[in-house]
Amino acid sequence: MAKWVRLWGKKRGTRMSGWWVVGSVSEAAFFGALLLLGILSLTTTVAWQLFWPESTILRIGFGFWLMVIASSSFIVIGLTGFILQVSQTLASPELRSTLVDKAKREHRRRAAGVDSHVHELHLPSLRDLTDSPGTRLAYRLAHQGGERTPMVLCTLFATAWNSMLTILIALSVLNHASGRPDWFLTCLLVPFGAVSYFTTRWFFRLFRRHAGIGPTAVEISDLPLFPGKSYRLYVCQYGRARFNELCVRLVGYEESTYQQGTDLRTERVEMARIEAQFTAGCAGTGDRVLVAEPEKPLELDCHISLPNDMMHSFQGQNNAVVWKIVVQGDAVKWPSFCRSFPVVVYPRGVP
Amino acid sequence: MAIVLPKFPSRRVSARRSLAARTEPALGLRLLTLQHALEPGETLDFEFCIQRVSADLIDHLEISVGWYTEGKGSEDRGVLFFKSMSRNELSQIPLTNSHRLETVLPSSPLSYEGRLFKLRWCIRLRLFLSDGRQISAEHPFYLGHLTVEV
C-alpha cells in the first residue's frame, strides 16, 4: 500500500494513477448516487401525477415526458456503472474473462452456423473472404476500400461550395447591373473563389487517381494461408495505363486501440513484408513493359512463399494482427496507387 | 519454482513489521516441462504449493492459465484453464505439498513480441485471504516459436 493514500488520481484510459480503492469506491459511489437520483426523480414525477393530478406542477406534457426520460436514463446509466464497478472489484480479471467467454460460447451455440472454434482461438473469420470464387484461382479477394470515402466527401463539399459561390456571383452581378453594387459581397467573392479553386483542384486530383487507373482484381489459390506454404496469386489490372513498376506483396500490420482521455484511438504499424515473385514468362518478369489497355487488361501471375516463423492473424478486442495482399504501382502520367486486399493467416494445426 | 515473497523496504523496519513480513503467505508455482517454450497441442504440466498460511485464513484460491496483451493498446485477455478452490476444498488437502495440474495448450494465439503489443502466456495463482488481502504469483511460458519479426 502507498505510504500516503492519494485521494486524487487521474484515470488514464482504463488505468488509474491513484490508489485503486479510492478510485473504485468513488466511481461506485458516483454511479450509486446517479441511480438514487434517477429513482428519486422518477418516483417524484410519477407519484405527483398519481396523487395530485390537478396540480399544475409537472403536468403530463413535454416537461413530464422529458423528466421521465432523463430519470430513466439516470437509472440505466447508474445501475450499469454500479454493477460493472462492483463486479470489477469483487471478481478477479481471470474469473470475469472466464464468465464472459462462457456467455459468448453459449450465445454462439444458440446462433447456428457461426464458426465458434475460430472465435475461441481469436482468429478472424473466413466467411467474408471465401464467398467470392475467382475466374482463374479459387478465391477472388475483396478490395478494402479507403479511397472512396475521401472522394465522396470531396465531391459533396466541392458541389456545395461551388453552388454557393455561383449564387453569390449571380447576386453580386445583379446588384452591379441594377446600379446598387454591394462591395462587401464583391470583396467576399475573392477568398470564396480561392477556396473554390483549391477545392475543385483537390476534387480533380482525387478523381484522376480514382478513375484514371482502373480497378485491380486479385485472386488467390487457397484460403486461409498457413505459415511455411506457398500460394499462387493472379493480379489483373484494368483501365488504360503504362506502369514503371508494379509490386505485389503480403504485408502484416499490428493494430492497437487505446483510450486517450475521452478519445478512442487506433494505431497501426507495419510489422512484416513478404514480396511476391512473378512467375517466369509472365508480364512482370524481365524488362517487359507493363501496359494495361481497356481491351487487354494487364495480367500477372505470381506466387508467394510464407516463412515458418510468421505471426498468424489475431483478433482481440483491442489489439489485432492483420495481413493484406498489397498491390502498389507507379504509373506513367498517373499518380502512384496502393490497393490492399485482406487475407487471413492461420497458425498450423487449425482445421 | 516461482515463490512470491513480500517486498521488503530498503530502510530498516520495526521488529513487529519484520515479524509480520516473515509470516506473510508464499505461493510456489513450477512448470514441470523441461523448457519454457511449448508447442500448440502439447500438455502443460505444472504444480503449485501454498506455504506459511493455514487453510482457515484463506477465502479461496484461483488457478488460471491464459494469455494477455501488453503494450500501447488496452489490455486483451483470454483464459484457457480456470479453477477456483474454496476454503473447504483447500482444508482437505495438505497445502504445503505440491499439487499437480495439467491442461492441453491451444493452437492459437501464439506468444508474440511485436512493436505495438506483446502477447504473453502465463500460469497465474491468486490467493484471496479472509482479511481481504490478495496475493498472486505468475509463471510465464512461451507458446510456439515465433521470432520478434518475420
For segment B:46-63, how many residues are within 14 Å of chain A (Cβ to nearest Cβ) and of a type outside the set (A, V, I, L, M, F, W, C)?
3
Restrict the check to segment A:116-134 and report whether at least one residue is within 23 Å of residue A:236 (Cβ to Cβ) and modelled with pLDDT of 90 or more.
no
Restricting attention to segment A:252-274, which residues are touching an Asp or Glu at 6+ places or on another chain (Cβ under 7 Å), of a type in the set (Ser, Thr, Tyr) and within 14 Å of residue B:72 (Cα to Cα)?
A:256, A:266
Hey, among the residues in segment B:112-123 that are assigned to a strand (DSSP E or B) and buried (at least 22 other Cβ atoms within 10 Å of the Cβ), which one's farthest from the chain's Cα centre (by Cα)?
B:117
Which of the residues that make up segment B:32-55 are within 14 Å of residue B:141 (Cα to Cα) and not in a strand (DSSP E or B)?
B:32, B:33, B:34, B:35, B:36, B:39, B:40, B:42
Return a yes/no flag: does segment A:233-250 have any residue that is in contact (Cβ under 8 Å) with a residue 40 or more places away in the chain, hydroxyl-bearing (Ser, Thr, Tyr) and at negative phi.
yes
Residue A:331 - would you say it is crowded, with 16+ Cβ neighbours inside 10 Å, in contact with a Phe, Trp or Tyr (Cβ under 8 Å, 6 or more places away or on another chain) and more than 9 Å from chain B (Cβ to nearest Cβ)?
yes
I'm told residue B:109 meets every condition in (1) more than 11 Å from chain A (Cβ to nearest Cβ); (2) crowded, with 17+ Cβ neighbours inside 10 Å; (3) outside any strand (DSSP E or B) except one. Can you identify the failing condition by its number?
(1)
Options B:128, B:141; residue that is within 9 Å of another protein chain (Cβ to nearest Cβ), assigned to a strand (DSSP E or B) and among the aromatic types (Phe, Trp, Tyr)
B:128
Set A:232, A:148, A:208: member being of a type in the set (Lys, Arg), farther than 30 Å from residue A:304 by Cβ and more than 14 Å from chain B (Cβ to nearest Cβ):
A:208
Test each condition in (1) in a helix (DSSP H, G or I); (2) surrounded by 11 or more Cβ atoms within 10 Å (Cβ to Cβ) for residue A:181 and report the one that comes out false.
(1)
If we scan segment A:214-229, do we find a residue that is part of a strand (DSSP E or B), under 23 Å from residue A:140 (Cβ atoms) and of a type in the set (Phe, Trp, Tyr)?
no
Just checking: which of the strands (runs of 3 or more DSSP E) contained wholly in segment A:261-351 hold 2 or more residues that are basic (Lys, Arg)?
A:263-275
Which is polar (S, T, N, Q), exposed (fewer than 15 other Cβ atoms within 10 Å of the Cβ) and outside any loop (DSSP other than H, G, I, E, B), of A:199, A:159, A:186?
A:159
Within segment B:66-89, identify whether any single residue is away from every other protein chain (no Cβ under 14 Å) and either farther than 20 Å from residue A:95 by Cα or not acidic (Asp, Glu) (or both), and answer yes or no.
yes
Might you let me know whether segment A:245-260 holds any residue that is among the polar types (S, T, N, Q), under 27 Å from residue A:306 (Cα atoms) and surrounded by 13 or more Cβ atoms within 10 Å (Cβ to Cβ)?
yes
Within segment A:132-156, count every residue that is assigned to a strand (DSSP E or B) and either in contact with a Gly (Cβ under 9 Å, 6 or more places away or on another chain) or among the aliphatic types (A, V, I, L, M) (or both).
1
Of the residues A:342, A:307, which single one is within 17 Å of the chain's Cα centre (by Cα) and in contact (Cβ under 8 Å) with a residue 60 or more places away in the chain?
A:342
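The values are calculated or read from the model by the stated rules, or taken from the named source; none is laboratory data. As the structure is a prediction and not an experimental result, all values here were calculated from the model. Counting neighbours? That spans all protein chains shown, and the Cβs are built from the backbone with ideal geometry, glycine included.
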